[in-house]
């Protein structure tokens, strides 16, 4: 395979096909989320280690899609930077100040909820929360702090995912209930520790099904790449037309499809390259399938 580089285009050729990959450049080419960084950041507060254990299991369930988990006690001076660099956030807390109106976690969350977190610019960011509690000893205040964690992010404009059923628990009341559901994943390592593993797996699967990953990824592309691509698309295809010996005069424009894709026909390879109007997508068809509509 041979590679030819242009200002904003990488062309790879084989004996049969021509492939084009747009490489964004300019001030939007470097996003706040680099390509080698996970899209999800996991954060937790803990006192006895139970919430940290759940955070570790959540990280394992997400795999390479997530970074962390990070203890909020270690975020001093970096709260804004730490939260804003991820397109999706998963946060967890225990409950120690049961029944309190605010600062119910008894962890580092209480120190940043209404101070440094109030400076976050996370409107529209995807957030999911989880918490640990004791539904037997604190049946009337089960996992109360998770509700505050939820509300702080929601009041900052975040989109909250991952609400779960109360079925299977034996609590009497909880400040983490919204409607008929818990506002996130609730675990009880004291009375139902054997259920935590399955609850974590089911919750992460639920988040993915709800679009937690896809929405956060599309948001990142929209904010950091689209403008760069739109700025360079014209020069990309100018380079194709004027400088590519591979495409040369063998690419012919056959009009627009109804979906907004433009076809470029390679007579040598007997293939047609359909390119979207914004330059972000392309499709290839063989000569026998010229009627293809992406």
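Going by the conditions given, is residue 107 assigned by TED's automatic domain parsing to the domain that holds residue 200 and part of a loop (DSSP other than H, G, I, E, B)? Criteria met by residue 107.
Per this entry, residue 102 is counted among residues that are over 21 Å from residue 202 (Cα atoms) and surrounded by fewer than 19 Cβ atoms within 10 Å (Cβ to Cβ).
Considering the stretch 89-99, and only residues there that are modelled with pLDDT of 95 or more and either outside the structural domain of residue 62 (by TED's automatic domain parsing) or in contact with a helix residue (DSSP H, G or I) (Cβ under 7 Å, 6 or more places away or on another chain) (or both), the residue that is surrounded by the fewest Cβ atoms within 10 Å (Cβ to Cβ) turns out to be 89. Residues of the stretch 141-157 include none that is in contact with a strand residue (DSSP E or B) (Cβ under 8 Å, 6 or more places away or on another chain) and over 18 Å from residue 93 (Cα atoms). Among the residues examined, residue 61 qualifies as more than 26 Å from residue 121 (Cα to Cα) and either modelled with pLDDT under 95 or assigned by TED's automatic domain parsing to the domain that holds residue 184 (or both).
If only residues of the stretch 136-161 that are closer than 15 Å to residue 44 by Cβ and in contact with a helix residue (DSSP H, G or I) (Cβ under 9 Å, 6 or more places away or on another chain) are counted, the one that is surrounded by the fewest Cβ atoms within 10 Å (Cβ to Cβ) is 152. If the condition is being assigned to a loop (DSSP other than H, G, I, E, B) and in contact with a helix residue (DSSP H, G or I) (Cβ under 9 Å, 6 or more places away or on another chain), then the stretch 42-77 contributes 45, 46, 75, 76, 77.
The values are calculated or read from the model by the stated rules, or taken from the named source; none is laboratory data. Small disclaimer: the values here were computed from a predicted structure and weren't measured. Virtual Cβ from ideal backbone geometry, glycine too; neighbours counted across all protein chains shown.
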